[in-house]
Number of protein chains: 2
Amino acid sequence: MTESARAFVPGHITGFFSTHPDDDPTKAGSRGAGITLADGVTVHVEPGEEILLNGDHTEVEAVDRVLAALRLDAHVRVTTELPVAAGFGVSGAMALGTAIAANDAFDRGLSENELTTIAHGADVQAGTGLGDVVAQARGGLPIRLEPGAPPHGTLDGIPADGQLEYLVFSEMSTEAVLAGNTDTITTAGDRALSSLVADPTVETFMEASRRFAREADLLTSDLRDTIRDVTQEPGEASMAMLGETVFAIGTALSDAGYDARRCDFCHTGSYLLPPTTDTQ
Amino acid sequence: MTESARAFVPGHITGFFSTHPDDDPTKAGSRGAGITLADGVTVHVEPGEEILLNGDHTEVEAVDRVLAALRLDAHVRVTTELPVAAGFGVSGAMALGTAIAANDAFDRGLSENELTTIAHGADVQAGTGLGDVVAQARGGLPIRLEPGAPPHGTLDGIPADGQLEYLVFSEMSTEAVLAGNTDTITTAGDRALSSLVADPTVETFMEASRRFAREADLLTSDLRDTIRDVTQEPGEASMAMLGETVFAIGTALSDAGYDARRCDFCHTGSYLLPPTTDTQ
C-alpha cells in the first residue's frame, strides 16, 4: 500500500447530449459531444474519512458511491480552479479522480476501464452526470456515440487542437434538469450528433451545440445575449451543458468584450499523478 | 485548407502480444499490452511529395498507404529521438501522425477513430505493426483486449504513473518475425494477457512480458544477459517487441550499471499540435 496517491481529471464541457436511461447505471448515460479542458481537478486520496473541496468540507454523493464500490473509507482532497455546478463535469471528475487515486493508494488492482465504469455508475446514480466521466477518461474532444461505461459506451473524437474561453453567470442544477421531461433534449441531441458524425470538426460541433441549446430550450437571457454578441463578432460560442455558462472557441469571448477565463483543450484523459510529499 | 499541420504520436513498447490475421486489415491485429512513451514522433505535413525522417529522405510503406487512403500527395517531415526498427512503433507512429496532420492540413474532415483505422490498416498491410497504432492513439499503458482498429478492437489500460529506461542493441525486422510461424508467440501471448487482465498492474505486466519473451523464444544472448543483470539488482526488465531492445521500469537499467535512455510513461494519446512557423 502506497498510503496516498493523486490523480488528474480534465474538466469537460458538453455542447449537446441526449439522455439514455437504463436500470443498469453502467449502461445508462448520454450520447453527445464536448471538449475536455486543461483546467481540471486534482484528487488526493489517503486513509481517513473526510471530503475536502479546495480546503472546505463537502458532501459529494458520486464520491461516496465510488468509495463504497471500492469498500473504502478515505480522506479525499480535491483542488480545482473550475467552478462547481456550472457545466464543467466537476462531480464526474471528483468521482473518477477518487477511483483512480484510491485504486493506487489502496492497491485495488483494477484496470482503467473498471475504474471508469465505477465512477460513471456513481455519477449516474447520484444524478449529477450522464457522460462526463467517460469523456474525461478519454480526453480531447470526445464524441459519445453510445451511452454508458466500458464495454457498453463507445467513443470517437474530433481531431483538433486549440483553446477556449468560458464565462459563468450562475449555477444550474444538473439533477433538476435531468429529472424533468428530457424528450425535447433527446430529440435535439440526436439531431446534433448526426450532424457532427457526418462532419467531425470544431465548426460543426459549435454550430450543432448552438442549435441544440436553442431547440432544447435551455438558454437564459444572459446566455442568449452573450452568445449573440460573440457570434456577431463573429466568433463561435454556445452554452455549457448543464450550467449557466458560455464557452467560446479561441479568444471569442474576449474579442466580444467579455472578461473570460481562457484555457487549452486537454490532450490527455485522466491519469495518475506522481507521488508527492505535499500535505496541503 | 490550413496548408500545413503537425501531430505528436508517442512511442510504444509492446511487452507481449498474440497475432490475429484477418483478410480485412482493419480487423487484423494483435492482442497484447505495452507502455507508451513521452519520447515520440512529430509529423509535419504540407503539400509536396517527399518523406523525410530526421532530415533524411526515406521510404515508409505505411505512410504511403495512409496518403493513398486520403487521396493525397504530401511532404511529410518526421522528427524523432526514438530508434527505428528497435521495437518503439515508429512506423505506426509515422502512419498515425501522417493521418492526423494530413486530415487537418487538407481538411479531410475525418474523426479520430477513422484516422486511427486508416493508420492501423496501413501499418498492418505494410507488415510493420499489428497493434502499435491503436495503442499510440490511446496513450498510457494500453491493454489490447481485442485485435483491430475501431470499432473492432477494444482497449483497456493499466492505471500507472512512472518512467522507464531503454537500451537498444541492434535492429530487428518486425516483418521477418511476423512472416514466420507465430503459433508459439500466440500461445504465449494469450497466456500473458490472461494473467494481466486478472491483475492489471505494472508488476504483473513486467512478469508476464519476461515470461512471454522466454516462451516465444525471441531473446538474443545480449537481451538475456541484460535482463538477468537487471532482475538480479533487483529490478524489472524485459524485451521490447520487436527489437533487440531491453526496457526496464524506473531506473533499473542504470541501477544495474547500464548506460540507458530514460523517459516518462506518456499520459496522452496522439494529438494535433498547434500550428508553427517552423520550416525545419
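The values are calculated or read from the model by the stated rules, or taken from the named source; none is laboratory data. All values derive from a computational prediction rather than experimental measurement. Cβ coordinates were reconstructed from backbone atoms using ideal geometry, including for glycine residues, and neighbour counts include every protein chain displayed. Calculation scope for accessible area: heavy atoms of the full protein, side chains included, ligands and nucleic acids excluded. Shrake-Rupley method; radii C 1.70, N 1.55, O 1.52, S 1.80 Å.
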task: List, in order, the whole-Hz ³J(HN,Hα) value for each residue of segment B:65-80 obtained from phi through the Karplus relation with A = 6.51, B = -1.76, C = 1.60 and θ = phi - 60°; use x for Gly and Pro.
output: 5, 5, 4, 5, 5, 8, 6, 9, 9, 8, 8, 10, 10, 10, 10, 7
- request: Can you send over the carbon and sulfur percentage of the accessible area for segment B:44-100, probe radius 1.4 Å, protein chains only?
  value: 46
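Find, among the GluC sites (Glu not before Pro) in segment B:40-135, those assigned to loop by DSSP (not H, G, I, E, B) with at most 15 other beta-carbon atoms within 10 angstrom.
Numbers: sites: B:Glu49, B:Glu50, B:Glu59, B:Glu61, B:Glu81, B:Glu112, B:Glu114; in loops: B:Glu49, B:Glu50, B:Glu59, B:Glu81.
Within segment B:40-135, the qualifying GluC sites (Glu not before Pro) (loop, at most 15 other Cβ atoms within 10 Å) are B:Glu49, B:Glu50, B:Glu59, B:Glu81.
How big is the A/B interface in buried accessible area, both sides summed, 1.4 Å probe, to the nearest 100 Å²? Can you show the working numbers first?
Working: alone 11550 and 11540 Å², together 21100 Å².
Answer for the A-B pair: about 2000 Å² buried.
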message: Need the C-alpha centroid separation for segment A:8-28 versus segment A:147-210, integer Å.
response: 10
field: With Cα atoms, 0 to 90° folded angle of helix A:221-232 axis to chain A main axis
entry: 60
Quotient of C-alpha Rg and 2.2 N^0.38 Å, computed over chain A: 0.95
task: Would you calculate the separation in nanometres between label points at A:Gln125 and B:Val84, each defined as 7 Å from the Cα along the Cα-to-beta-carbon direction?
output: 5.3
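At a Förster distance of 22 Å, what's the computed FRET efficiency of B:Asp255 paired with B:Ala198, Cβ-Cβ distance as r, to 0.05? The partial results should precede the final answer.
Working: r = 29 Å, r/R0 = 1.31.
Result of the calculation: an efficiency of 0.15.
For segment B:135-280, which whole percent of the accessible surface, found with a 1.4 angstrom probe, sits on carbon and sulfur atoms? Kindly include the intermediate steps, with their values, before the conclusion.
Values: 2920 of 6270 Å².
Result for segment B:135-280: 46 percent of the exposed heavy-atom area is carbon or sulfur.
Evaluate peptide A:265-272: per residue, the Cβ atoms of other protein chains within 10 Å of its Cβ; return the mean as an integer. Please list the in-between numbers first.
Working: counts 2, 2, 9, 7, 7, 3, 10, 8.
Across the residues of A:265-272, the mean count of other-chain Cβ atoms within 10 Å is 6.
Let me check against my output: what whole-number percent is the relative contact order of chain A, with C-alpha pairs under 8 Å and at least 6 apart? Spell out each step's value before the answer.
On the way: 713 pairs, mean separation 74.4, N = 280.
Relative CO of chain A lands at 27 percent.
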- line: chain A, Gaussian network, Cα under 10 Å: of A:Ser254, A:Ser270, A:Ser18, the residue fluctuating most is A:Ser254
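Pulled fully out, how much extra length does the chain show between B:His75 and B:Asp222, if you take 0.36 nm times their separation in residues and subtract their Cα-Cα distance? Intermediate values should be presented prior to the final figure.
On the way: separation 147, 0.36 × 147 = 52.92 nm, distance 3.87 nm.
Result: 49.1 nm gained on full extension.
Count, for each residue of A:107-113, the Cβ atoms from other chains sitting within 10 Å of its Cβ, then give me the mean as a whole number. The partial results should precede the final answer.
Working: counts 1, 1, 6, 4, 12, 12, 8.
Mean shielding by partner chains, rounded to a whole number: 6.
Take peptide B:126-139, look around each residue's Cβ out to 10 angstrom, count Cβ atoms belonging to other protein chains, and average those counts. Present the calculation step by step, with values, prior to reporting the outcome.
On the way: counts 0, 0, 0, 0, 0, 0, 0, 0, 0, 0, 0, 1, 4, 6.
That works out to 1 on average.
Which FRET efficiency value, to the nearest 0.05, is calculated for A:Asp190 and B:Asp64 with the Förster distance at 51 angstrom and r the Cβ-Cβ distance?
Working: r = 39 Å, r/R0 = 0.77.
After rounding to 0.05, the efficiency reads 0.85.
Counting each DSSP H run of 4 or more residues in the protein assembly as shown as -39500 (n - 2.57), what helix-only mean residue ellipticity at 222 nm follows after dividing by all residues, to the nearest 500 deg cm²/dmol? Each step should come with its number before you reach the end.
Details: 18 runs with 198 residues, N = 560.
Estimated from H runs of four or more residues: -10500 deg cm²/dmol.
What FRET efficiency do you get for A:Asp56 and A:Arg214 if R0 is 35 Å and r is their Cβ-Cβ distance, rounded to the nearest 0.05?
Details: r = 37 Å, r/R0 = 1.05.
That pair, A:Asp56 with A:Arg214, gives E of 0.45.
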- line: Within segment A:56-132, DSSP-loop trypsin sites (Lys or Arg not before Pro) with at most 13 other C-beta atoms within 10 Å are A:Arg71
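Roughly how many Å² is the accessible area per residue of the protein assembly as shown, as a whole number, for a 1.4 Å probe? Working shown, then result.
Numbers: 21100 Å² over 560 residues.
Averaged over the residues of the protein assembly as shown, the accessible area is 38 Å².
So for each of B:209-215, A:172-178, B:141-147 I average, over its residues, the number of other beta carbons within 10 Å; can you give me the resulting order with the highest mean first? Write out the running numbers ahead of the final one.
Numbers: B:209-215: 21.0, A:172-178: 16.6, B:141-147: 23.3.
The most tightly packed comes first, giving B:141-147, B:209-215, A:172-178.
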message: Explain nothing, just the number: relative contact order of segment B:145-255, from Cα pairs under 8 Å at least 6 residues apart, as a whole percent.
response: 35
message: Going by average Cβ density within 10 Å per residue, which order do the peptides A:33-39, B:198-204 take, highest to lowest?
response: A:33-39, B:198-204
Rounded Å value of the spacing that divides the Cα centres of segment A:222-273 and segment A:40-59: 28
task: Kindly express, to the nearest 10 degrees and within the range 0 to 90, the angle between helix B:202-215's C-alpha long axis and the longest C-alpha principal axis of chain B.
output: 80
